[in-house]
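As structure tokens, the structure follows; a few thoughts come after it.
The values are calculated or read from the model by the stated rules, or taken from the named source; none is laboratory data. Computed from a predicted model, the values in this text were never measured in an experiment. A quick note on method: Cβ atoms are made from the backbone with ideal geometry, for glycine too, and the neighbour counts reach across all protein chains shown.
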Amino acid sequence: MATTVTLQNRIGARVSHEVYETLCRAAKLSGATVNQFLVQAALKEAQTVIEREDVIRLSPRDWNWLLELVENPKAPNDKLKAALARYHETVQGDANTAPDPQS
């Protein structure tokens, strides 16, 4: 029978007595221990921060502008054409220097 090991880490913090009392009161009111309350509150805030950084939110106006650019892109200019040619040369050069998988 396989045994699953759950890794756990410890987080500690020193707070003033007033902060501690406030946390204890909030934990008691929510029906949790202070530790449970702190973990739940910190996790909720961490998820909010991560979502704020990972998700791009657009106004309807900006969404329509982006959608228009994706659906009807402008023709490539000379600089973009030159960059694409350099990219293809680089990729082609890398393909020529790659080891042969059959040897």
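Here is how the numbers come out for the structure above:
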item: Some residue of the range 31-38 being more than 22 Å from the chain's Cα centre (by Cα), at pLDDT 95 or above, exposed (fewer than 10 other Cβ atoms within 10 Å of the Cβ) and of a type outside the set (Val, Ile, Thr); result: yes
item: Entirely in the range 1-73, the helices (runs of 4 or more DSSP H) that have 1 or more residues that are in contact with a helix residue (DSSP H, G or I) (Cβ under 9 Å, 6 or more places away or on another chain); result: 17-30, 34-54
item: Residue in the range 76-87 that is surrounded by fewer than 10 Cβ atoms within 10 Å (Cβ to Cβ) and outside any helix (DSSP H, G or I) present; result: yes
item: Within the range 39-52, tally of residues that are among the hydrophobic types (A, V, I, L, M, F, W, C) and surrounded by fewer than 12 Cβ atoms within 10 Å (Cβ to Cβ); result: 4
item: Residue identified as at pLDDT below 95 and either assigned to a helix (DSSP H, G or I) or in contact with an Asp or Glu (Cβ under 9 Å, 6 or more places away or on another chain) (or both) among Gln92, Gln102; result: Gln92
item: Checklist (1) surrounded by 10 or more Cβ atoms within 10 Å (Cβ to Cβ); (2) among the hydrophobic types (A, V, I, L, M, F, W, C); (3) free of Cβ contacts under 8 Å to residues at least 12 places away in the same chain applied to Val55, failing item; result: (1)
